[in-house]
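Enquirer: One structure follows; several queries about it will come next.
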Amino acid sequence: MHVLITEPIAQKGLEKLVQEGAKVDVKTDLSRKELLEVIRDYDALIVRSNTKVNEELYQKATRLKVVGRAGNGVDNIDMDGATNRGIIVVNTPESNVVSAAELTIGLLIASCRNIPQLHTRLKGKVWDRSGLKGMELQGKTVGIVGLGRIGSLVATRLKSFGMKIVAYDPYVNETRFKNLGVERREKLEDLMAEADILTIHTPKTKETYGMIGKEQFKGAKKGIRVINCARAGLINEEALIEAIKEKIVASVGIDVPDGEPQATSPLLELDNVVVTPHAGADTVEAQDNVGVTIAQEVAAALRGEMAPNSVNLPTLQAQELSSVKIYLKLGETLGKIYYQLEKEAVEKVEIIYRGEVAELETSMISLAILKGLFEPVLKERVNYVNASLIAKNRGVVVTESKESTVDNYLTLVTVKIISKNKTFSISGTIFGKAEVRIVEINGYEFDVHPAPYMLIGENIDKPGVIGQMGTLLGVGKVNIATMQVGRKISDKRAMMVLTADSEVSQETLEFLGGIEGILRVHFVKL
Ligand code: NAD
């Protein structure tokens with residue numbers, strides 16, 4: 001694992017990477033030209049917001065498997081380019097949320113109590129509170145726009161001040177509002193008309209850019225106080241300044257003034273505006289968290305494990321991830337078998353989740369099935385990131401369905417792989433907490449514990465065939481670990497699945513294929 005770091009991360013993060021077995025080069029003063037020259041030697045690249053990770057870089061980065069963005073957002077990373085190449089992009093969206101929420105509260109209190117203004121007077125040896133009377137929080141209403149990670153932390157903290165919390169976030173469900181004890185407002189305008197203090201915590205998107213402007217301030221409660229510790233541009237600064245001058249807005253606390261990283265915003269000129277230079281994440285704890293988290297994420301992604309904060313993968317909460325983890329193994333196993341038994345091009349993959357698994361977030365399991373399916377036949381790297389794109393580019397239709405109940409099993413995943421002339425079917429389950437089992441192939445029933453080396457064959461169901469298989473495998477020096485036979489009595493056919501301790505040579509396979517009654521036999525490597 002050869003990792004290049006082009007922008008500073010906390011020492012704890014570097015130590016973590018080394019502990020994980022990575023060879024780390026920290027080169028924070030590379031020119032663009034130098035970066036493009038050296039990038040070919042690295043498996044992973046860790047950046048913050050200044051290194052442009054784009055097509056020009058991807059073309060040179062032939063070994064690159066993971067891009068780690070230490071921090072929030074991926075504005076400097078070309079996501080399509082990464083996804084097309086199967087490069088996993090990870091970031092650390094959670095690492096600084098507490099710090100950002102705490103600064104929000106800090107700015108809120110500072111602006112409601114004029115702390116910086118009083119501080120400046122007193123430091124100037126002037127003992128004078130006149131004109132700077134504050135406002136108490138207790139009993140007031142705070143309106144939160146965006147009830148995500150930071151918005152929720154702000155809500156729970158402000159409750160302890162005895163405030164009423166209302167929020168506008170059309171994308172958050174009722175249960176979450178209820179659990180947080182926050183009242184929902186359907187319209188931003190209603191929130192603004194009611195709030196004594198407004199704080200915004202949305203990401204910067206097409207929809208949210210400038211979402212609080214002239215119109216919104218017109219309908220705002222007179223004397224409203226406004227906090228923005230999210231992103232510049234969410235609140236239109238011109239409209240805000242006008243609203244301050246018209247005394248609609250009483251005070252402002254802002255961590256993200258326009259013009260960053262230059263101190264050029266006209267807000268800086270106004271007395272009732274408290275400002276900080278994008279310091280929301282600037283705490284020792286947040287920076288340590290960012291460093292350690294990005295190190296863990298990059299190392300996990302390089303090892304081929306699930307990185308919980310992959311940006312170009314469906315995201316799973318840590319708890320969800322632990323419950324689907326064993327199904328990822330099952331899915332990959334089920335997917336891997338088809339092309340080792342069949343040669344026909346796949347037209348459609350139908351995935352059916354039944355029983356317990358149907359309750360889980362299954363999108364990642366479906367990706368694991370596709371990853372397994374394409375891996376044996378494609379030269380290009382197949383992983384969770386590009387598996388569904390590969391299916392799409394190859395014209396393979398993928399469908400997913402769920403049934404809450406299933407006969408005989410608690411949980412069952414069935415994959416039907418449909419080609420022009422036939423349908424191949426394979427099913428698997430989980431026994432106990434973590435035992436993967438294949439329980440069906442093409443209608444033959446088994447209970448097979450998958451192993452790295454397997455032989456799968458079909459034969460006429462008559463005496464002597466299995467005995468000869470055993471003998472010939474012995475001659476070929478292949479030790480059989482387990483063997484199971486599934487039968488279709490009416491067809492006089494059987495399918496056998498053997499697990500072996502070693503690979504089976506082509507020569508032995510040919511001998512096996514020559515046994516009378518054997519219809520076909522394949523070596524399968526998992
Ligand atoms: P998040 O993704 O957890 O939450 C964002 C919330 O905004 C979501 O609940 C989403 O549903 C909601 N939302 C999206 N569009 C909306 C719309 N049109 N109207 C209302 N709600 C909408 O994000 P987070 O981690 O809580 O971060 C919030 C903001 O804080 C982001 O802009 C982030 O970049 C910023 N941030 C700033 C600092 C700093 O240093 N000041 C540090 C960390 C994060």
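The values are calculated or read from the model by the stated rules, or taken from the named source; none is laboratory data. Just so you know, these numbers come straight off a predicted model, no measurement behind them. Cβ coordinates were reconstructed from backbone atoms using ideal geometry, including for glycine residues, and neighbour counts include every protein chain displayed. Just the protein is used for accessible areas: all its heavy atoms, side chains included, with ligands, DNA and RNA removed. Shrake-Rupley method; radii C 1.70, N 1.55, O 1.52, S 1.80 Å.
Enquirer: A243 fails exactly one of the following numbered conditions: (1) away from the ligand (no atom under 15 Å from the Cβ); (2) assigned by TED's automatic domain parsing to the domain that holds E20; (3) touching a strand residue (DSSP E or B) at 6+ places or on another chain (Cβ under 9 Å). What is the number of that condition?
Expert: Result: A243 fails condition (2) only.
Enquirer: Mind telling me which of the residues T414, T423, T471, T429 ends up being within 24 Å of Y353 (Cβ to Cβ) and free of Cβ contacts under 8 Å to residues at least 12 places away in the same chain?
Expert: Selected residue: T423, the only one of T414, T423, T471, T429 that is within 24 Å of Y353 (Cβ to Cβ) and free of Cβ contacts under 8 Å to residues at least 12 places away in the same chain.
Enquirer: Continuing with the same structure: Does A299 qualify as being touching a Leu at 6+ places or on another chain (Cβ under 7 Å) and in a helix (DSSP H, G or I)?
Expert: On the way: touching a Leu at 6+ places or on another chain (Cβ under 7 Å): yes; in a helix (DSSP H, G or I): yes.
Answer is yes for this residue.
Enquirer: Within the range 112-128, does at least one residue satisfy the condition of being among the polar types (S, T, N, Q), near the ligand (Cβ under 8 Å from one of its atoms) and part of a loop (DSSP other than H, G, I, E, B)?
Expert: no
Enquirer: Being under 26 Å from G81 (Cα atoms) and open to solvent by 60 Å² or more (accessible area, probe 1.4 Å): is that true of N393 here?
Expert: Considered against the rule, which asks whether it is under 26 Å from G81 (Cα atoms) and open to solvent by 60 Å² or more (accessible area, probe 1.4 Å), N393 comes out as yes.
Enquirer: Also, I was wondering about something else. From the list L107, L147, which residue is assigned by TED's automatic domain parsing to the domain that holds A193 and free of Cβ contacts under 8 Å to residues at least 60 places away in the same chain?
Expert: L147
Enquirer: Just give me the residues in the range 63-88 being in a loop (DSSP other than H, G, I, E, B) and touching a residue at least 40 places away in the same chain (Cβ under 8 Å), in sequence order.
Expert: Of everything in the range 63-88, those that are in a loop (DSSP other than H, G, I, E, B) and touching a residue at least 40 places away in the same chain (Cβ under 8 Å) turn out to be R63, K65, A70, G71, N72, G73, V74, R85, G86, I87.
Enquirer: To continue, here is another question. Take the residues in the range 231-249 that are at pLDDT 95 or above and open to solvent by 40 Å² or more (accessible area, probe 1.4 Å); name whichever of them is farthest from E194 (Cα to Cα).
Expert: This residue is E238.
Enquirer: Looking only at the range 275-285, decide whether some residue is within 16 Å of the ligand (Cβ to nearest atom), free of Cβ contacts under 8 Å to residues at least 60 places away in the same chain, exposed (fewer than 14 other Cβ atoms within 10 Å of the Cβ) and closer than 23 Å to G106 by Cβ.
Expert: The answer is yes; a qualifying residue exists.
Enquirer: In this structure, is E189 open to solvent by 50 Å² or more (accessible area, probe 1.4 Å), closer than 22 Å to Q216 by Cα and out of contact with any Pro (no Cβ under 6 Å at 6 or more places or on another chain)?
Expert: Judged against the criteria, E189 is a match.
Enquirer: A further question follows. Got a sec? Which helices (runs of 4 or more DSSP H) wholly within the range 135-223 have at least 1 residues that are at pLDDT below 95 and within 11 Å of the ligand (Cβ to nearest atom)? Quick ask: steps written out before the conclusion?
Expert: Numbers: elements: 149-159, 174-180, 188-194, 214-218.
Here the list reads 149-159, 174-180.
Enquirer: Additional query: Which of the residues that make up the range 68-104 are open to solvent by 20 Å² or more (accessible area, probe 1.4 Å) and within 14 Å of the ligand (Cβ to nearest atom)?
Expert: R69, N72, G73, V74, D75, E94, V98, E102, L103
Enquirer: Quick check: is even one residue across the range 446-453 over 24 Å from E342 (Cα atoms) and either in a strand (DSSP E or B) or free of Cβ contacts under 8 Å to residues at least 12 places away in the same chain (or both)? Can you show your working first?
Expert: The first filter runs over the range 446-453 and keeps only residues over 24 Å from E342 (Cα atoms), leaving none.
No: the range 446-453 contains no residue that is over 24 Å from E342 (Cα atoms) and either in a strand (DSSP E or B) or free of Cβ contacts under 8 Å to residues at least 12 places away in the same chain (or both).
Enquirer: Exactly one condition in (1) within 13 Å of the ligand (Cβ to nearest atom); (2) in a helix (DSSP H, G or I) is not met by L108; state its number.
Expert: (1)
Enquirer: Within the range 1-37, which residues are surrounded by 15 or more Cβ atoms within 10 Å (Cβ to Cβ), in a helix (DSSP H, G or I) and aliphatic (A, V, I, L, M)?
Expert: Those that are surrounded by 15 or more Cβ atoms within 10 Å (Cβ to Cβ), in a helix (DSSP H, G or I) and aliphatic (A, V, I, L, M): L14, L17, L35, L36.
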